[in-house]
């Protein structure tokens, strides 16, 4: 096997994302459109704290990006590979 350790870690991170239902729900919702934490939490019927915690993980992994929108933060999908993986699994792009 001729894969670098970095590539193996990157692949493992993708599996971590899809192994958590909350993170997967966030990804599916953000594929539909960028959202602030409040509407995202409402859409997924989760607490804002829970969503914020998972968004932090997704940002750390480079999957989600955040940008200021006035006093709030707008989250969107950063990594185009995630959209491809979701399509490969046949998952809907809405949560």
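Taken together, the values in this text are just the output of simple stated rules run on the coordinates, not laboratory data. Just so we're clear, the structure is a prediction, and the values are computed from it rather than from any experiment. Reconstructed Cβ throughout: ideal geometry from the backbone, glycine too, with neighbour counts over all protein chains shown.
Helix 48-60 versus the longest principal axis of the chain: what angle, 0 to 90°, nearest 10, using Cα atoms?
The angle comes out near 40 degrees.
Which of the peptides 59-70, 17-28 is most tightly packed, and how do the rest follow, judged by the mean count of other Cβ atoms within 10 Å per residue?
Per-residue mean Cβ counts within 10 Å order the peptides as 17-28, 59-70.
Working from Cα positions, state the angle (0 to 90°, nearest 10) between the long axis of helix 80-89 and the longest principal axis of the chain.
80
If one takes the longest principal axis of the Cα atoms in the chain, at what angle in degrees, from 0 to 90 and to the nearest 10, does the Cα axis of helix 21-32 lie?
Helix 21-32 sits at roughly 70 degrees to that axis.
Run the numbers on the chain and let me know its relative contact order in percent, using alpha-carbon pairs under 8 Å that are six or more apart.
31
Label 7 Å along Cα→Cβ of residue 33; region 69-86 residues with amide nitrogen under 18 Å?
69-70, 72-78
To the nearest µm²/s, what D does Stokes-Einstein give for region 5-89 at 25 °C and 0.890 mPa s, using the Kirkwood radius over alpha carbon pairs as Rh?
Rounded, D is 188 µm²/s.
Report, in deg cm²/dmol and to the nearest 500, the calculated mean residue ellipticity at 222 nm for the chain, where each DSSP H run with n ≥ 4 adds -39500 (n - 2.57) and the sum is divided by the residue count.
Counting only the DSSP helices, I get -18500 deg cm²/dmol.
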